[in-house]
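Asks: What follows is a structure written as structure tokens; I'll ask about it next.
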Amino acid sequence: MKTYLVGGAVRDAMLGLGVKDRDWVVVGADARQMEAEGFKAVGRDFPVFLHPKTREEYALARTERKSGHGYTGFEFHAAPDVTLEEDLLRRDLTINAMAMDESGQLIDPYQGARDLENRCLRHVSAAFAEDPLRVLRVARFCARYHHLGFHIAEETQALMGAMVESGELAHLVPERVWQETLSALGEPDADHYFKVLSDCGALGVLMPEIEVALERLQQLPLRALRLAQEQALPSLHRFALVSLQSLAATEEDCTALQRLAERLRVPQEFRELALMFNRHLPELHQPASQAESLWQLLEQLDGLRRPQRLQQLLECARLLGELLQCSSLPTSVLGLLEQARSIDARALMQQGIQGAALGEALRQRRIELARQWIEQQPRQGASHG
Ligand code: CTP
């Protein structure tokens, strides 16, 4: 029985990057032997075990054969006679198909080191096409390694296009699409994830709403995403910006975004911010000159109850404003909300104001605060911010 370090750990160590997870392959053993050595079986889909001390993953070397659709439709063969080279052959990219033995010796039958040197993402074999998730993985690796100069090999690009054409991507479950997308959003060049997917046709299949909006807005959402990356805004903001549908905030835009969010099962927090940003875009970029309408907007944005989300929304609006060279509602409006929250309703009640009149009195005081806030804003013609 021999163990080898494989996959991302070898790749990232060779790139001089920090290694997060270490995956191991075991050659010449079977499940019984592993368990006798104290390993704990955890694999649902194929034989993988946790090391009794390090808790790192050890998989038995295996070959795979396509038996159905999507990335789960596989039959595997794991037995002591499966070689390391056979196990590496079934992997996605040459840079992910290298192994290192216990003495630190590199085993690289598919020229991963050469491709790493040339900054090239290249598939190992035609078996790449058996797993549609790999199209998203390549796009995600582009988002992660673009700054190091990586590109996709022409033949891999062609294969990705053919996979999209074949209709295989329709078998990806939404959770996996979102999982890859979320990981990609956190990468240094997340815009390249969408660009690569768009180039091979996958974006049009998996997220047609984003694809259509990119065309309609002449790539503005990707420029916004790039600026968000430069300013280190979190993935939450990045998703809202990249899913921008139009500048007009029509009902159809909101419906399209809702459809996207539902299809990909986008988590609530991401969905809400993106929807709110799309829905209120025009007001967020309009100078607030009327206290009453400003207060109404803050109410619509649920600013009293959700100041943090409002702040995220204002940060998205500020960024878009920078890009379009227009004003946006400044974050100082959060101070106005803070004041509005501290209005003492009990003091009003002690004055004998009750019921609907109390609500109205509170509203008037808040509008008054909004008026004062507007007056404090620096005048730039009729605009602010
Ligand atoms: N792998 C594959 N096809 C997939 C998923 C994984 O060939 N659809 C192989 C690759 O060899 C990969 C390894 O399994 O390197 C481990 O997969 P995973 O941990 O998902 O990815 P990493 O390459 O380690 O990348 P990351 O840094 O994102 O974890």
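Readers should treat all values here as calculations from the given coordinates under stated rules, not as data from a laboratory. Values in this document were obtained by computation on a predicted structure and should not be read as measured data. Note: ideal-geometry Cβ built from the backbone for every residue, glycine included; neighbour counts use all protein chains shown.
Asks: Can you tell me the 0 to 90 degree angle between the C-alpha axis of helix 154-166 and the longest principal axis of the chain, rounded to 10?
Replies: Here the helix axis deviates by roughly 70 degrees.
Asks: Within a 10 angstrom radius of the beta carbon, how do I353, I210 rank from fewest other beta carbons to most?
Replies: Values: I353 16, I210 24.
So the residues, fewest neighbours to most, are I353, I210.
Asks: Would you mind ranking I343, I367 by Cβ crowding within 10 Å, fewest neighbours first?
Replies: I343, I367
Asks: Cβ neighbours within 10 Å, averaged per peptide: list 36-47, 252-263 in order, most packed at the top. Walk me through the numbers on the way to the answer.
Replies: Working: 36-47: 12.7, 252-263: 16.5.
So the peptides 36-47, 252-263, ranked by packing, come out 252-263, 36-47.
Asks: Mean residue ellipticity at 222 nm from the helices of the chain, using -39,500 (n - 2.57) per DSSP H segment of n ≥ 4 over the full residue count, to the nearest 500 deg cm²/dmol? Present the calculation step by step, with values, prior to reporting the outcome.
Replies: Working: 19 runs with 202 residues, N = 385.
-15500 deg cm²/dmol, from helical runs alone.
Asks: What number does segment 9-114 give for Rg over Rh if you use C-alpha atoms and the Kirkwood radius?
Replies: Values: Rg = 14.2 Å, Rh = 14.7 Å.
That ratio equals 0.96.
Asks: Could you go through segment 280-288 in sequence order and give the Karplus-derived ³J(HN,Hα) for each residue, using 6.51 cos²θ - 1.76 cosθ + 1.60 with θ = phi - 60°, rounded to whole Hz, and x for Gly and Pro?
Replies: 10, 3, x, 5, 5, 10, 9, x, 8
Asks: A further question follows. So what's the gap between the Cα centers of segment 279-302 and segment 137-166, to the nearest angstrom?
Replies: First find each Cα centre; the distance between them is then 42 Å.
Asks: I've got another one for you. If you rank R62, R134 by fewest surrounding Cβ atoms within 10 Å, what's the result? Don't skip to the answer; put the middle values down first.
Replies: Details: R62 18, R134 22.
Going from least to most buried by this count: R62, R134.
Asks: Give me the angle, in degrees from 0 to 90, between the Cα long axis of helix 220-230 and the longest principal axis of the Cα atoms of the chain, rounded to the nearest 10.
Replies: Roughly 80 degrees between the two axes.
Asks: In addition: Using mean Cβ contacts within 10 Å as the protection proxy, how do 303-310, 102-109, 174-181 order, highest first?
Replies: Details: 303-310: 15.4, 102-109: 12.2, 174-181: 17.4.
Result, highest mean first: 174-181, 303-310, 102-109.
Asks: Which translational diffusion coefficient, to the nearest whole µm²/s, is obtained for segment 198-269 from the Stokes-Einstein equation, given a Kirkwood hydrodynamic radius over C-alpha pairs, 10 °C and 1.306 mPa s?
Replies: After rounding, the answer is 126 µm²/s.
Asks: Can you tell me what the convex hull of the Cα atoms of the chain projects to on average, as an area in nm²? Show your work: numbers first, answer last.
Replies: Working: hull surface 98.2 nm².
The directionally averaged projection comes out at 24.6 nm².
Asks: Under the 0.36 nm per residue contour assumption, what length would be gained going from the current alpha-carbon distance of D344 and K40 to full extension? Walk me through the numbers on the way to the answer.
Replies: Values: separation 304, 0.36 × 304 = 109.44 nm, distance 6.04 nm.
Extending this stretch completely gives an extra 103.4 nm.
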